[in-house]
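S.K.: First the structure, which I've put down as C-alpha cells, then a few questions once you've had a look.
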Amino acid sequence: MEEPAEPIPWLRNKDLAYYGPFRDNVKAFIKNETEADDFYVEGGILGHTVTLAKGTKYEANMRVYEETMLDSSRVHCDCCRCIGWHHHPVTRKQYHFIIHTDFRADLKPELKGKRICQICTAAMPAKDKVCASCGENDGETSILDYQTHLMHGMLHANGCGHLMRINGREAGSRVLSGQQLIQIWEKVCNLLRAREVSVEDVSQKYGVEFRLLNPVACGKTWYGTFGYQFGKGSFGNTAATHRKAAELLRNFPLADVVHDFKNMRPTRANSSNNLLELKAETESQGGSLHSGDDETLEVIARYEVLMGRHAPRTLGGLVALLLRLQRIVRRNDKAEKELLLRSQRESKERGEGGDEGADAKARRREEEREAAAKRKAGTSEALFEPLAFQHHSKRPKRVGYKRGDDGVNGVESPTSPQQRRVMSSAKPRALPSRPLRPRGADGLVPATESPFKAEPAPNPRHLAASIRPQVKRELDLDPTQPKKLASREGKKQAKPSTSAPGSTKMGSSKAFDVEVNTSRWSDARIETASNHCVEVLREHGGKYMPRQEVRALARAKGVGDTGLLDHVLKNISERRVILTKTAPKAEKGATQRASIKRRQNASTGQLEYMLESVPGMSKMVASVVISAGASGGKKTSSPAPPSKKSGADKVLIKSEPAQQQQQRRTTHVKPETVKRPGLTGEQNAMEEAARQLTRDDLDRDIKLVYKSVLEHYKPARPRPGRPPSKDGKGAKSKVRGADLVAAARVLLDTKQFVKTYVPVESLLTLRPPPPRGPDGQGKGGRPPMLAKGLRVLVTAVIDAKNKGPKVSGMDVSAKGGRRKHGVETKPPPEVVLLPPDPLLSDLKLAVNKCFQDLYVVLAKFKVSYAVGFESTKDATKLGAKKIGGARVEVHGDGADLESEFRYQGGLDQWVVRCVCGTCDDDGERMICCDACEVWMHTRCVSIADSQGTPRKWTCADCENKGKVSSGGGGGGGGGGGGN
Ligand SMILES: [Zn+2]
Ligand SMILES: [Zn+2]
Ligand SMILES: [Zn+2]
Ligand SMILES: [Zn+2]
C-alpha cells in the first residue's frame with residue numbers, strides 16, 4: 001500500500017561514521033564535511049553548508065548553524081523545559097540543522113509583488129517590513145525562529161536536542177517530502193550520535209490534531225513511526241495511559257459507534273453546550289442546522305459500501321482507511337498534475353494558443369466569486385500551509401526576553417507585580433501569542449485548499465457556506481442560465497424514501513424535496529466542464545484514454561476546478577453526446593449521437609474513457625446532452641457512487657434508499673473491477689474506492705469523523721436543554737462509547753515525544769572498526785576517536801554545597817503526597833576519552849576540559865576529587881583495565897551557580913502541584929494560588945482555555961482552610977479575563 005520510498009538525500013560519503021560523544025562528533029563534522037560561509041550571519045551564529053544528494057533531483061542544502069549561547073540573544077530552551085530537561089545547564093553551543101524552504105513566490109502568479117512572512121507564513125506585500133498578520137518584522141527576527149524551514153532540528157552540545165519542525169510537501173516543500181525530511185534528521189542524529197531528541201507533536205490541519213488521529217489509525221503518532229515514543233504527558237498522563245487510550249479508540253467496534261449514533265436523540269445543531277464547539281460544528285456543516293449524527297452514519301456507510309468485504313470493523317480501521325485513501329487520492333492528483341504540466345508544455349511547443357477567451361473569462365469570474373465567498377466567510381487567504389507537520393509554536397526570543405513578558409492572558413498579580421499569573425511558559429495553546437496562520441473567526445484554521453495548487457479550486461466549505469443556501473434560488477431565478485440541467489441525481493428522482501429502520505445500516509436515507517443539482521457547482525459550470533471532457537475524448541478519436549489524461553487535458557482547456565472534473569467524470573459515461581459538424585452545412589448527418597464508454601484497464605488499474613467513434617468526428621464539436629430523457633433507461637448501470645456529496649451538500653441532497661445504492665454499486669463494481677497484479681484484494685478495493693472520491697470528500701469525511709467521533713464522542717455529549725444530572729447520566733450509561741471521550745483527551749494532552757538515539761552508556765563500548773587494507777586507513781573512524789583510547793563515564797557534581805536554586809519537580813520521592821523541590825547538582829553524565837595508560841591527572845584534565853567546553857556555567861569548573869580516588873595522587877596510574885569503561889563521580893568547584901545559564905529552564909522557581917498529579921511544569925496553561933503560591937492547571941480548576949484568568953484566585957485547599965477570607969471562588973468559575 002505504501003508508496004515506493006523516495007531516496008533520502010544524504011552525504012556523498014555514505015560510509016562516514018563517528019564513534020565519539022556528540023560534542024566531539026559535531027565539531028569534526030562541521031570541520032570536515034561542511035563549508036563555512038557568511039550566507040547568513042547573525043549575532044552569535046556561524047553558518048555552514050553541506051549539500052545533500054548532490055546532482056540528483058533531490059539535491060538540498062543543509063545548513064548547520066552553530067550558535068554560541070554567550071553571544072546569542074536567547075538563553076533558555078523552551079523545548080528542554082517542556083520535555084523535563086529544564087535542569088540541564090545551558091550548553092556553550094547548540095547546533096541547528098536546517099533545510100531552508102524552497103518555496104518561491106515568483107512561481108505563484110497570485111503572489112505577484114508579495115512575499116511570505118517568515119514568522120506566520122501569511123502573504124504580505126513584498127516591500128512591507130512589518131507583517132500585517134502577525135505584527136512582526138521578520139527581517140529582525142532570528143532565522144532560527146522562522147516557521148518556514150522544511151527541516152529544523154537542534155542539538156545542544158551535550159547531545160540532547162529537539163526536532164523543531166518538519167514541513168513536508170503539504171506545507172510547501174517543492175522537492176522533499178515530510179518522510180524524506182525526517183529521515184534526513186534521523187541520519188544526522190545517528191551519524192553524530194545524538195543522545196535524546198524530543199519533539200512536540202502539534203501537527204494539525206484544519207483543527208484536526210494528528211496526535212489524536214494517528215494513534216487511532218495505527219497505534220502511533222506520525223513521529224512514532226520514526227521511533228519517537230511517549231515523552232511526557234501533560235495533566236499527569238503516563239506512557240501506560242497513553243497506550244491504553246490509543247488501544248481503546250483503535251479497537252472500538254464500528255458497530256458500537258453506529259449503535260450509539262443511531263440511538264442519539266435527534267438534536268438541533270447545538271448538541272454542545274460549548275459555544276466555540278457549537279460554532280465550529282455549525283461551520284463544519286456549512287452552517288446548516290443539521291445534526292452531525294446522520295452524517296457520521298453516512299460516512300461509515302459510505303466506506304462500508306465502497307470497501308465491500310474489506311470494510312473496516314473498528315474505529316481505528318475506519319480512520320486508517322480514510323488516511324490511506326487520502327494519500328492515494330493525493331498521489332493520483334499529483335500524477336495528474338504532472339501530466340497536465342507536460343501537456344501544457346507540449347502544446348506550447350506546438351505553438352498552440354489554447355482556448356483562451358470565453359473560458360478564461362468564465363474561469364476568472366469563477367475565481368473572483370470564490371475569493372469573495374472566502375472573504376465573506378471571514379478567512380484570510382493562508383497561502384502557505386505550514387501545519388502539516390509543524391512543531392512548536394515558539395515566540396522568537398530577544399534580549400531580555402523572560403517568560404512572563406508576553407503576558408498572554410496574563411494579569412498582574414497585585415501581590416507580586418513581577419510575577420504573572422499565568423505561566424507564560426505555559427502560554428495557553430488555545431490562544432497563541434502569535435497565530436501561526438490566520439484563523440477564522442471561530443478559531444478554527446480555515447480549511448484552505450492546498451495553496452500550492454497550480455490553479456485555485458474552490459474551497460468546498462467556504463463555497464458551501466456561502467453558496468449552498470442560495471443554490472436553489474439561483475437555479476430558479478438566475479436569468480443568465482439559459483437552460484436547466486437536470487443532474488443524474490435529479491433524474492433518479494427518488495421517491496421520498498421513508499427511511500426504513502432496516503436500511504439505516506447504510507446511513508440515514510433522508511429524502512429532501514425535489515432538487516435539481518445536488519452538487520456544489522452550478523449547472524452551467526457542469527455543462528462547460530462536461531463539454532470540455534467530451535471534446536478531449538473526441539480529439540482522441542475513438543480510442544480509450546486514461547481518466548487522468550482526460551482530466552488533465554480538460555484542465556488544460558481551462559477547467560480549473562479538479563473537484564468539478566471529478567464530479568463530471570463520474571457521471572459522464574451515462575451521458576449522451578451530440579456531435580455537430582463545425583461547418584454549418586445543413587446536410588444530413590450534421591449532428592450525430594454518440595455515447596461514452598468507460599472501462600478499467602486491467603494492467604494499470606486505471607479507469608479509461610472513450611467516445612464512440614462516429615464518421616467524420618474529427619471535424620465535429622462534441623457536447624453533452626443532459627436533458628431528462630437522454631439517459632432514461634440507464635439507471636442501474638450508473639457507475640456513480642452513492643450520495644457522494646452527502647456531507648457537504650446536506651441541505652440539498654437526497655440519498656437513495658440503501659438497497660438501491662447497494663444494487664447500483666454491485667452492478668457497477670463487479671464487471672469492471674479487474675484485479676491488478678501484485679495488489680491484494682484490500683488494496684485493489686482501496687484503489688478502486690480512491691477513484692470514486694476526491695480529496696475534498698476525504699478531507700470532509702476525516703474532519704467529520706474527527707469532530708463527531710474522536711475529539712468528543714457525540715453520543716456522550718450532554719443534551720442541550722436537559723439537565724445533565726439525571727437524564728444525562730441515564731443516557732450516558734447506554735452509550736457504549738462513553739469512555740472514548742476520556743481516551744481522546746489523553747491522546748490530545750500528550751504532545752511531548754522523545755527518541756533515544758544513543759544511550760550515553762553505549763558510548764563506553766563503542767569502538768571504531770579496526771583499520772582495513774594495507775594503507776591502514778579505517779573505513780570511517782576519524783580523529784578524535786582513537787581506537788585504543790579508554791572511555792569513562794563521568795558524573796560531575798557541580799554544586800557540592802547544594803545551594804543552587806531549586807527546580808520544581810526535581811525530586812520525585814513523594815512523601816505523604818507532597819513532593820520536595822530539590823536542587824539539581826549534576827548535568828547529564830558524559831563519556832570522556834583517556835589516553836591508553838592514564839594517570840589520575842589525565843582523568844581530571846579530561847573531565848575539566850569536557851565540562852568546561854560543554855557548559856557556560858562550568859567555564860571555570862575544576863575537579864576537586866573523584867569519588868573512590870580521594871587519597872590517590874594525581875601522578876598515580878589508574879590502570880587501564882580498572883578504569884576503562886568505568887563510571888566515575890567527580891566533585892568540583894568553580895561553577896557559576898547564580899548565572900542565568902545555570903538551567904535551561906531558567907532560574908525561576910515554580911512550585912507545581914496540581915490535582916491531576918502533575919508536579920512539574922508541563923507546558924500547559926497554569927494559574928498560581930494567591931495564598932500558597934502553588935501552580936495548577938487552569939483546566940484542572942475549571943478555567944476554560946477560552947476564559948481569562950481571574951484577578952484573584954485561591955485554590956480549593958486554601959479556600960477550605962479559610963486562609964483567605966474572601967476571594968474568587970475555588971471552582972474558579974467566571975473570572976472574566978482582561979488586564
Ligand atoms: Zn533544549
Ligand atoms: Zn506574519
Ligand atoms: Zn492538572
Ligand atoms: Zn492555595
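The values are calculated or read from the model by the stated rules, or taken from the named source; none is laboratory data. The structure displayed is predicted, hence computed values, not measured ones. Glycine gets a Cβ as well: all are built from the backbone with ideal geometry, and neighbour counts include every protein chain shown. For accessibility, only protein heavy atoms count, side chains too; no ligands or nucleic acids. Shrake-Rupley method; radii C 1.70, N 1.55, O 1.52, S 1.80 Å.
S.K.: List the pairs from Lys262/Lys714; Lys31/Lys187; Lys54/Lys334; Lys108/Lys337 whose alpha-carbon separation is above 20 Å, in the order I gave them.
M.R.: From the list (Lys262/Lys714; Lys31/Lys187; Lys54/Lys334; Lys108/Lys337), the Cα-Cα distance tops 20 Å for Lys54/Lys334.
S.K.: With Cβ to Cβ distances under 12 Å as the rule, what net charge do the other residues near Gly153 carry (K, R +1; D, E -1)?
M.R.: Result for the local shell: +3.
S.K.: Something else about it: So how much slack lies between Asn61 and Asn263, counting 0.36 nm per residue of separation and subtracting their Cα-Cα distance, in nm?
M.R.: My answer for the length gained is 67.0 nm.
S.K.: Given a Förster distance of 60 angstrom, what is the FRET efficiency for Asn190 paired with Ala590, based on the Cβ-Cβ distance and rounded to 0.05?
M.R.: Computed FRET efficiency for Asn190 and Ala590 comes out at 0.25.
S.K.: Under a 1.4 angstrom probe, counting protein chains only, how are Asp837, Asp921, Asp106 ranked by accessible area, largest first?
M.R.: Solvent-accessible surface, decreasing: Asp106, Asp837, Asp921.
S.K.: Considering all projection directions equally, how large on average is the shadow of the alpha-carbon convex hull of segment 83-147, in square nanometres?
M.R.: Average projection, Cα convex hull of segment 83-147: 6.3 nm².
S.K.: Considering only Leu176, Val188, Ala157, whose Cα is most displaced toward the positive end of the charge dipole of segment 156-207, charges sitting on Cβ of Lys, Arg (+1) and Asp, Glu (-1)?
M.R.: Leu176
S.K.: By how many nm would the segment from Gln229 to Lys961 lengthen if fully extended, with 0.36 nm per residue of separation less the alpha-carbon distance?
M.R.: 259.4 nm
S.K.: Quickly work out the Ala602-to-Asp106 label distance, labels modelled 7 Å from Cα along the C-beta direction, and quote it in nm with one decimal.
M.R.: Result for the modelled spin labels: 5.2 nm.
S.K.: How much length is gained on full extension from Thr680 to Thr51, taking 0.36 nm per residue of separation minus their Cα-Cα distance?
M.R.: Here the segment from Thr680 to Thr51 would lengthen by 222.4 nm.
S.K.: Here's another thing I want to ask about it. Amide H to amide H, which residues 5 or more places from Met151 or on other chains are under 5 Å from it, using H placed in the peptide plane?
M.R.: Answer set, sorted by chain and number: Ile99, Asn167.
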